[in-house]
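Chemist: Here it is, the structure, as structure tokens.
Read-outs throughout are calculated quantities, based only on the coordinates presented, and are distinct from any laboratory measurement. Treat the numbers as computed from the prediction; the structure is a model and nothing was measured. Reconstructed Cβ throughout: ideal geometry from the backbone, glycine too, with neighbour counts over all protein chains shown.
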Amino acid sequence: MLDPRRNPRLIEALRLLAPGSELRLGIDDIIKGHLGALIVIGEPDEVAPLCSGGLELDIPFSAAMLYEVAKMDGAIVIERDLSRILRANVQLMPDAAMPTTETGTRHRTAERVARQTEAIVVAISQERDTVNVYTGGSRYQLDPIPELLTKATQGLATLQGHREQLERGADDLTAQELRGAVSLDDVLNVLQRAEMAARMIDEITRNVAELGLDGRLVAMQLAELSEGVVEERRAIIRDYRSDDATGGPDEALERLAALRYSELVDIACVARAMGFGERPAGDPRPRGYRALARIPSLADEDADRIVAAFPSYAALMRATLRELQEVDGLAPGRAGEVQQGLRRLQDRHLRG
């Protein structure tokens, strides 16, 4: 089963189920009534082939009506936009050959329907009062709000630690680049910290989505702590990815994201994700993407043009306004902004 943290559709599902939403109110009523339920939220044409029997309702959706129809056996089918309850008391018949890791009938059916369609499937256990959400090949169990807030608060503290170490490492790396003395271990350590911070951001983002209105303060803190982290990670990959690596920066990013935590803390595994062998010959040389990432609103295409126009990082940092204006495809006004941004970067670290 897929790691739910790597399933972007889970965030959509959690937002629909956030506390205070009409859907969550209905689910809470079902749990309070000690009822079980199987709820399918999707496009009618996609879900219909898996439905057998039941009642054709096509009535406006509300929390109260969801609770009432949950008193019947069988599944409930709801329009994707949560506007209408389409069917109730339905027997779902997904492909029995579809793999499943579940044991109970309701949860096996839920997982198979989610795998077979693009629907969001919610299974409410009558015996344990738990709510499981199935999207694609992943399952996620909703946590109580107090537990979520505790997790989110702990996550913010961890993210702040990663962020502080990332900023120190990134500043040291920039100073090394300006001196022309970069070591591969320093590059990989900064990339490792950026990836750890990015994963923590994903974790807290999921918590915020699940908290709904209760997560507003967490969301504000997350926005502050996450600023620039993903951009730094991508710039490092573009700057230092091995020329011998197969695929482009996006493929290197995917290899990095695929590392388990035990592999992420191993520098050798991070090096392989970047396309380096066990001990590459010579120190890496930056291309200039990290420096250009400091230029506000500079598009990736413009950064590619600028990097291609200069033979080395040192040449880029010494670039005159005329040389930047001669870069093919770069707007004349942007040349001045790039030069000023590069000069500010150098001045800041020279003063340091």
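Chemist: Could you please state, rounded to a whole Å, how far the C-alpha centre of the stretch 156-193 is from the C-alpha centre of the stretch 52-111?
Modeler: Each part's Cα centre sits 50 Å from the other's.
Chemist: Under 10 Å, Cα contacts only: if you run a Gaussian network model on the chain, which one of Leu191, Leu159, Leu342 comes out with the highest mean-square fluctuation?
Modeler: It is Leu342.
Chemist: Shifting gears a bit: How far is helix 216-226 tilted off the main Cα axis of the chain, in degrees rounded to 10, range 0 to 90?
Modeler: With both axes taken from Cα atoms, the answer is about 30 degrees.
Chemist: Still on this model: Report, to one decimal in Å, the Kirkwood hydrodynamic radius for the stretch 20-157 based on all distinct Cα pairs. If you can, show how the numbers build up before the last one.
Modeler: Values: mean 1/r = 0.0654 Å⁻¹.
Mean inverse Cα-Cα distance, inverted, gives 15.3 Å.
Chemist: Could you size up the charge dipole of the stretch 86-245 around its Cα centre, putting +1 on the beta carbon of Lys and Arg and -1 on that of Asp and Glu, and report it in debye to the nearest 20?
Modeler: Dipole magnitude for the stretch 86-245 comes out near 740 debye.
Chemist: Once the convex hull of the alpha carbons of the chain is built, what does its volume come to per residue, in cubic angstrom?
Modeler: Considering the Cα atoms of the chain, their hull volume per residue is 172 Å³.
Chemist: Additional query: Spelling out what I want: for every residue of the stretch 173-190, take phi, set θ = phi - 60°, compute 6.51 cos²θ - 1.76 cosθ + 1.60 (Karplus), and round to whole Hz; glycine and proline get x.
Modeler: Once θ is set to phi - 60°, the couplings for the stretch 173-190 become 5, 4, 4, 5, 4, 5, 7, x, 9, 9, 9, 4, 4, 5, 4, 5, 5, 5 Hz.
Chemist: Starting with the fewest neighbours, write out Thr153, Thr135 ranked by other beta-carbon atoms found within 10 Å of each beta-carbon.
Modeler: In increasing order of surrounding Cβ atoms, one gets Thr153, Thr135.
Chemist: Mind telling me which of Ala18, Ala152, Ala96 comes out most flexible in a GNM of the chain, alpha-carbon contacts under 10 Å?
Modeler: Residue with maximal mean-square fluctuation among Ala18, Ala152, Ala96: Ala96.
Chemist: So if I place +1 on the C-beta of Lys and Arg and -1 on the C-beta of Asp and Glu, and nothing else carries charge, what would the dipole magnitude of the stretch 288-352 be about its Cα centre? I want it in debye, nearest 20. The partial results should precede the final answer.
Modeler: Numbers: 10 positive and 9 negative charges, 96 e Å.
Computed about the Cα centre, the dipole is about 460 debye.
Chemist: Follow-up. Hey, what do the phi angles of the stretch 193-200 turn into as Karplus ³J(HN,Hα) couplings, whole Hz, using 6.51/-1.76/1.60 and θ = phi - 60°, x for Gly and Pro?
Modeler: 5, 5, 5, 4, 5, 5, 5, 5
Chemist: I'd like the Kirkwood hydrodynamic radius of the stretch 288-352, using the inverse of the mean 1/r over distinct C-alpha pairs, in Å.
Modeler: Working: mean 1/r = 0.0856 Å⁻¹.
After inverting the pairwise mean of 1/r, the radius is 11.7 Å.
Chemist: Along the stretch 314-322, what does the Karplus equation 6.51 cos²θ - 1.76 cosθ + 1.60 (θ = phi - 60°) give for ³J(HN,Hα), rounded to whole Hz, x for Gly and Pro?
Modeler: Taking θ as phi minus 60°, the curve returns 4, 5, 5, 5, 9, 4, 8, 4, 4 Hz for the stretch 314-322.
Chemist: Another one. Using a basic spin-label model with each label point 7 Å from the Cα along Cα→Cβ, how many nm lie between Leu35 and Gln141?
Modeler: For Leu35 paired with Gln141, the spin-label model returns 2.3 nm.
Chemist: For Met93 paired with Thr158, estimate the spin-label separation in nm (one decimal), with each label point 7 Å from Cα along the Cα-to-Cβ line.
Modeler: 4.5
Chemist: Ignoring solvent entirely, what values of log10 I(q)/I(0) come out of the Debye formula for the stretch 143-286 at 0.14, 0.16 Å⁻¹ when each Cα is a single scatterer?
Modeler: Taking Cα atoms of the stretch 143-286 as identical point scatterers yields -0.68, -0.84.
Chemist: Separate question: At a threshold of 8 angstrom on Cα-Cα distance, excluding pairs fewer than six apart, so keeping six or more, what relative contact order does the stretch 4-142 reach in percent? Let's see the in-between values first.
Modeler: Numbers: 279 pairs, mean separation 37.1, N = 139.
Relative contact order here is 27 percent.
Chemist: If amide H atoms are built 1.01 Å from N in the plane of the peptide, which residues on other chains or at least 5 residues away come under 5 Å of the amide H of Arg84?
Modeler: Phe61, Glu79
Chemist: Do you know the relative contact order of the chain, to the nearest whole percent, from alpha carbon pairs under 8 angstrom that are 6+ apart?
Modeler: Values: 518 pairs, mean separation 46.8, N = 352.
Here the relative contact order equals 13 percent.
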